[in-house]
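Reading through the structure tokens given below for one structure.
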Amino acid sequence: MANRDIITIGASAGGVEALIKLVAALPADLPASVFIVQHTAPESRGELVPLTCSECGGPLWQIKDDKMTRFRCRVGHAYTAKTLANELTDAVERSLWVAVQMMDERVRTLERLADTEQTKDRRRSAASFHDKATETREHTERLRQLLLSLNQ
Ligand SMILES: [Zn+2]
């Protein structure tokens with residue numbers, strides 16, 4: 001076997017996100033073996049998993065016992081697999097509703113710009129803003145209908 005370099009990376013329990021970013025940025029053809037060492041709290045009863053708590057953003061530990069799989073963050077927020085999945089879905093849904101609000105605002109801005117250009121008799125520019133507003137309104141409405149259908 002040829003000589004290979006060894007890279008050892010150490011992190012504390014709160015370093016999960018930094019480790020994920022660091023490892024993702026390593027080149028696929030890195031001519032070295034990488035070892036990762038992570039400190040965990042002595043009272044930790046589970047396995048540190050690459051997920052974050054939706055309430056505080058901290059790292060999550062997966063705790064398995066005979067009955068069920070649970071997740072707990074350092075602060076104490078606790079989830080079952082089902083409630084964790086629901087929390088993640090809710091977080092994505094909240095972000096998409098924010099996107100809908102931002103797209104509505106963009107439509108209003110584009111319509112205002114179209115009106116301004118129209119009053120200055122700049123018809124091509126007004127038509128361009130109007131077309132962008134129409135397209136954005138259509139995308140927004142599709143997203144809004146999708147989100148509304150999720151809760152029916
Ligand atoms: Zn938490």
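Overview of values
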{"quantity": "Residue match in the range 97-108 (condition: within 16 Å of the ligand (Cβ to nearest atom), surrounded by 14 or more Cβ atoms within 10 Å (Cβ to Cβ) and at pLDDT 90 or above)", "calculated": "no"}
{"quantity": "Boolean, Thr52 is polar (S, T, N, Q), touching a helix residue (DSSP H, G or I) at 6+ places or on another chain (Cβ under 6 Å) and not assigned by TED's automatic domain parsing to the domain that holds Leu146", "calculated": "no"}
{"quantity": "Selection within the range 26-67 - of a type in the set (A, V, I, L, M) and farther than 30 Å from Glu93 by Cβ", "calculated": "Leu26, Ala28, Leu30, Ala32, Val34, Ile36, Val37, Ala41"}
{"quantity": "Qualifying residue in the range 78-101 (condition: of a type in the set (Phe, Trp, Tyr) and within 28 Å of Leu150 (Cα to Cα))", "calculated": "yes"}
{"quantity": "Conditions (1) among the small types (Gly, Ala, Ser); (2) modelled with pLDDT of 85 or more; (3) assigned to a loop (DSSP other than H, G, I, E, B): number failed by Gly10", "calculated": "(3)"}
{"quantity": "Residues (in a loop (DSSP other than H, G, I, E, B) and within 13 Å of the ligand (Cβ to nearest atom)) located in the range 56-92", "calculated": "Cys56, Gly57, Gly58, Arg74, Val75, Gly76, His77"}
{"quantity": "In the range 109-123, the residues that are hydroxyl-bearing (Ser, Thr, Tyr) and either surrounded by 14 or more Cβ atoms within 10 Å (Cβ to Cβ) or in contact with an Asp or Glu (Cβ under 7 Å, 6 or more places away or on another chain) (or both)", "calculated": "Thr109"}
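The values are calculated or read from the model by the stated rules, or taken from the named source; none is laboratory data. Here the structure is a predicted model, which means the values were calculated and not measured. Don't worry about glycine lacking a Cβ; one is built from the backbone with ideal geometry, like all the others, and counts go over all protein chains shown.
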